[in-house]
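The values are calculated or read from the model by the stated rules, or taken from the named source; none is laboratory data. Here the structure is a predicted model, which is why all the values come from computation and not from measurement. Cβ atoms come from the backbone with ideal geometry, glycine included; neighbour counts cover every protein chain shown. These accessible areas exclude ligands, DNA and RNA; they are computed on the full protein's heavy atoms, side chains included. Shrake-Rupley method; radii C 1.70, N 1.55, O 1.52, S 1.80 Å.
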Amino acid sequence: MERILLADIGNTCIKLGLADDSGPEGVGPFRTWSLPTRMPHTRDSLGLALIGLLGREGLGEGDFSACAICSVVPDLTPILRDAVRLYLSCPVLNYPDDFPPGLENRYDQPTQVGADRLLAAFAARTLFPEPASLISVDFGTATTFDCVTGQAYLGGLICPGVLSSHGALASGTAKLPRISLEADADAPLIGSNTSTSMRHGFVFGFAAMTEGLCARLKKQLPGPCLVLGTGGFAPAIAAVSSCIDHVRPDLILEGLRLAWKSGRR
C-alpha cells in the first residue's frame with residue numbers, strides 16, 4: 001500500500017490530508033488537519049508542524065510515497081515543498097504542473113484559472129461521471145462557482161466569501177459583534193437582536209445567492225446538472241439551501257488523491 005500526504009494551500013488555511021491507494025475512487029480522504037496560512041512560516045516551522053501532526057498517527061519520515069499540493073499562495077508553495085522534502089524525505093507533486101489536468105480547460109486564458117477551481121471541477125466530474133453538467137460551489141475565502149459539461153471545464157463565477165464578508169462587516173462597523181455562522185432555523189427569522197440578525201442574514205443570504213446563481217447557470221448548461229458544495233461553510237449553507245445536491249467539504253483533497261491515482265496508471 002502506498003501512502004500520500006495531500007496539501008491544499010488556500011488563502012485562509014493550509015488543509016492537510018492522508019490518503020492511500022486502497023479503496024474505490026469515491027472513498028477518501030481520510031484524516032485531515034488545518035494550519036493557518038497567514039503567519040510567518042518557514043521551512044522548519046512547517047516541517048516541525050508536519051512531524052508533530054503526523055507523529056500522532058504513528059507516521060513520519062519515510063512513510064510517504066509522495067506529497068501532492070494544490071496551492072493558490074505562490075509564496076508559500078516552495079516553503080512547504082522544502083519542508084516536506086527535508087522532514088518527510090518524499091517527492092512533491094504540484095497540481096496541475098505535475099499531473100494531467102483531467103479536464104479540457106476552456107477558460108480564455110487557461111493559466112489564469114486557480115488550481116483549486118480546476119481541481120474541484122476535476123474531482124466533481126470524477127466522483128460524479130453521470131450528469132451531463134456539474135456546478136462546484138466552493139465556500140472558501142471567496143465563493144466560487146465552477147461549471148463542467150462533459151469532460152470540459154467551462155469557467156464560472158467568483159463572489160465574496162462568507163468569512164471575508166463577515167470580517168469586513170465586523171471590522172467596518174464598531175458596534176456589530178463577531179458571530180458564529182450557523183443557522184438554528186429552516187427559514188430566516190426576523191431578528192430581534194443583532195446576533196440573530198447577522199447570523200441569519202449571512203447564512204440565508206449566501207444560501208439565496210447560491211440558489212439564484214445556480215438557477216441562472218443551469219439555464220446555460222445541458223441537463224441534468226448536479227450541484228456540489230465544498231469548503232468549510234458548505235454544510236451550513238447546504239442545510240438551508242434547496243439547490244445543493246451533495247456536500248464534499250474536502251473536495252480539493254479528494255481531487256488531489258484522484259489526480260495522483262490517475263497519474264500513476
- line: Considering residues that are open to solvent by less than 30 Å² (accessible area, probe 1.4 Å) and within 11 Å of the chain's Cα centre (by Cα), the number found within region 114-148 is 14
task: Give region 123-137 a look and list any residue that's out of contact with any Phe, Trp or Tyr (no Cβ under 8 Å at 6 or more places or on another chain) and in a strand (DSSP E or B), or say none.
output: SER133
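Inside region 221-234, can you point out the residues that are under 12 Å from PHE206 (Cα atoms) and open to solvent by 20 Å² or more (accessible area, probe 1.4 Å)? Don't jump to the end; show me each part of the working.
Filtering region 221-234 down to residues under 12 Å from PHE206 (Cα atoms) leaves 233-234.
Correct list: PHE233 only.
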task: Please specify each residue of region 31-54 satisfying the condition of being assigned to a loop (DSSP other than H, G, I, E, B) and either under 20 Å from ILE252 (Cβ atoms) or touching a helix residue (DSSP H, G or I) at 6+ places or on another chain (Cβ under 8 Å) (or both).
output: ARG31, THR37, ARG38, HIS41, THR42
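Has region 23-30 got at least one residue that is of a type in the set (Val, Ile, Thr), outside any strand (DSSP E or B), under 18 Å from the mean Cα position of the chain (by Cα) and modelled with pLDDT under 90? Show your work before the answer.
First, pick out the residues of region 23-30 that are of a type in the set (Val, Ile, Thr): 27.
Narrowing further to those that are outside any strand (DSSP E or B): 27.
When the remaining residues are screened for being under 18 Å from the mean Cα position of the chain (by Cα), the result is 27.
Within this subset, residues satisfying the condition of being modelled with pLDDT under 90 are 27.
Yes: region 23-30 contains one or more residues that are of a type in the set (Val, Ile, Thr), outside any strand (DSSP E or B), under 18 Å from the mean Cα position of the chain (by Cα) and modelled with pLDDT under 90.
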task: Test ASP75 against the criterion of being assigned to a loop (DSSP other than H, G, I, E, B), free of Cβ contacts under 8 Å to residues at least 24 places away in the same chain and of a type in the set (D, E, K, R), and give yes or no.
output: yes
Scan of region 38-93 for residues that are modelled with pLDDT under 90 and under 25 Å from ALA142 (Cβ atoms), ordered by number: ARG38, MET39, PRO40
statement: Selection from region 102-113 of residues within 18 Å of the chain's Cα centre (by Cα) and without any contact (Cβ under 8 Å) to a residue 40 or more places away in the chain yields GLN112
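Tell me which residues, restricted to region 55-69, are part of a loop (DSSP other than H, G, I, E, B) and either in contact with a Phe, Trp or Tyr (Cβ under 9 Å, 6 or more places away or on another chain) or among the hydroxyl-bearing types (Ser, Thr, Tyr) (or both). Write out each step before concluding.
We begin by selecting, within region 55-69, every residue part of a loop (DSSP other than H, G, I, E, B); these are 56-65.
Selection gives GLY60, GLU61, SER65.
For region 209-230, enumerate the residues that are part of a helix (DSSP H, G or I) and either among the hydroxyl-bearing types (Ser, Thr, Tyr) or without any contact (Cβ under 8 Å) to a residue 24 or more places away in the chain (or both).
Once the filter is applied, which keeps residues that are part of a helix (DSSP H, G or I) and either among the hydroxyl-bearing types (Ser, Thr, Tyr) or without any contact (Cβ under 8 Å) to a residue 24 or more places away in the chain (or both), region 209-230 yields THR210, GLY212, ARG216.
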Which listed residue, of GLY55, GLY62, is surrounded by fewer than 13 Cβ atoms within 10 Å (Cβ to Cβ), free of Cβ contacts under 8 Å to residues at least 12 places away in the same chain and more than 22 Å from the chain's Cα centre (by Cα): GLY55
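From the residues in region 78-106 that are assigned to a loop (DSSP other than H, G, I, E, B) and in contact with a Lys or Arg (Cβ under 9 Å, 6 or more places away or on another chain), which one is most open to solvent (accessible area, probe 1.4 Å)?
Of everything passing the filter in region 78-106, PRO91 is most open to solvent (accessible area, probe 1.4 Å).
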- request: Would you check which residues across region 235-265 are open to solvent by 50 Å² or more (accessible area, probe 1.4 Å) and of a type outside the set (Ser, Thr, Tyr) and list them?
  value: PRO235, ALA239, ASP245, HIS246, VAL247, ARG248, PRO249, ARG264, ARG265
